[in-house]
Amino acid sequence: MSVVYHRRHRSASQRLMTKVTSQEIAQFRSQLADDPSDMEALDLIEDCDGDLEDAAMTLAIRAGQQPERANSEWLDALARKWRVVICEQEYREDLLNTSVQKLMEHLKATPTFPKILATPVLIYVLKQGVNHFCEPLDLLK
């Protein structure tokens, strides 16, 4: 699956959004079909017309979190918070091949990770580009 990074500029006063296409959603569905919470997250992304940040914010609120930043900043901050785990070498090769199952299982097994947000966080990382997202950690090695 080829995940292309899309950003659409709405207006000077509005944020940029990460757009997930219906084809990309279908490809993630085929990988994550066994997990109802992943399907719920993908349904919501689809309901939000592919706006990943809006969907993630809605899921966060449903999970009892109270994000206090703009949608785009909040999802980015959440992904960065978990960058060390997401960029572990054992998962990076899978992510580079757009395979999210092993890392998804790992994140959901981590007690402090908000499980319902695993899908939007991993899609966000893929849309940013795995190597680009992990680059700050690579520079520390």
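Derivation of every value follows stated rules applied to the coordinates shown; laboratory data play no part. Just so we're clear, the structure is a prediction, and the values are computed from it rather than from any experiment. No Cβ is skipped: glycine too gets one built from the backbone with ideal geometry, and neighbour counts run over all protein chains shown.
Using the Cα centre of the chain as the reference point, and only Cβ charges (+1 on K/R, -1 on D/E), how large is the resulting charge dipole? Debye, rounded to the nearest 20.
My answer is approximately 460 debye.
Measure off 7 Å from each Cα along the Cα-to-Cβ vector at residue 93 and residue 26, then give the distance between these two points in nanometres to one decimal.
So the two model labels end up 3.0 nm from each other.
For a test of the definition: using alpha carbon positions, the gyration tensor, and the 1.5 limit on a/c, classify the chain as rounded, prolate or oblate.
Rounded is the answer for the chain, as its axis ratio a/c remains below 1.5.
Please list, in order, the residues from segment 107-141 whose amide nitrogen is less than 12 Å from a point placed 7 Å along the Cα→Cβ vector of residue 85.
Flagged as within label range: 107-119, 121-122.
Kindly state, to the nearest 0.05, the FRET efficiency for residue 132 paired with residue 109, given R0 = 22 Å and r defined as their beta-carbon distance.
In this case the efficiency is close to 0.25.
Write out the cysteines belonging to the chain for which the nearest other cysteine Cβ is not under 4.7 Å, or none if no such cysteine exists.
48
What does the helix-only formula give at 222 nm for the chain: each DSSP H stretch with n ≥ 4 adding -39500 (n - 2.57), the total divided by the residues, and the result rounded to the nearest 500 deg cm²/dmol?
When only DSSP H runs of four or more count, the value is -17500 deg cm²/dmol.
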